[in-house]
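S.K.: Quick one: structure below, then a few questions.
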């Protein structure tokens, strides 16, 4: 099953609610991820641009998009970014396929 990296940023209203009543939001997203056929790998709180970093497995891009839509529609986030992740083996397979393609960059001599 493919892996996806999620980076999310809470609204100030969501942070205010979490400060009043701290809660484990990993458990809030585990059920929906599993309902879409996926698996929650891990959740971290982070500093910087993103407040949350999540690694999950989903059956396909459509399921990952469905999760993004469901969470974004909730209104607690001001940003949500999904990045598909490749294993090293998948990356190497992609490199071999790219090397065998007929693509020629515009900057290369014909």
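The values are calculated or read from the model by the stated rules, or taken from the named source; none is laboratory data. Just so you know, these numbers come straight off a predicted model, no measurement behind them. All Cβ positions, even for glycine, are placed from backbone atoms using ideal geometry, and neighbour counts span all protein chains on display.
S.K.: Looking at segment 44-77 only, could you name the residues that are loosely packed, with under 14 Cβ neighbours inside 10 Å, touching a residue at least 40 places away in the same chain (Cβ under 8 Å) and either in contact with a helix residue (DSSP H, G or I) (Cβ under 9 Å, 6 or more places away or on another chain) or closer than 16 Å to residue 12 by Cα (or both)?
M.R.: If the condition is that a residue be loosely packed, with under 14 Cβ neighbours inside 10 Å, touching a residue at least 40 places away in the same chain (Cβ under 8 Å) and either in contact with a helix residue (DSSP H, G or I) (Cβ under 9 Å, 6 or more places away or on another chain) or closer than 16 Å to residue 12 by Cα (or both), then 49, 75 are the ones that fit.
S.K.: A follow-up question, please. Filter segment 12-24 down to residues that are surrounded by 11 or more Cβ atoms within 10 Å (Cβ to Cβ) and closer than 16 Å to residue 79 by Cα and give me whichever is farthest from the chain's Cα centre (by Cα).
M.R.: Selected residue: 13.
S.K.: Any residue in segment 12-38 that is at positive phi sitting within a Cβ distance under 9 Å of a residue that is exposed (fewer than 15 other Cβ atoms within 10 Å of the Cβ) and modelled with pLDDT of 95 or more? List the pairs, counting only those 6 or more apart or interchain.
M.R.: What qualifies is 37/59; 37/60.
S.K.: Moving to a separate point now. Could you list, ordered by first residue, the pairs with Cβ atoms under 9 Å in which the first is in segment 94-107 and on the phi < 0 side of the Ramachandran plot and without any contact (Cβ under 8 Å) to a residue 24 or more places away in the chain and the second is surrounded by 10 or more Cβ atoms within 10 Å (Cβ to Cβ) and assigned to a loop (DSSP other than H, G, I, E, B), at least 6 apart or interchain?
M.R.: Filtered contacts from segment 94-107: 94/86.
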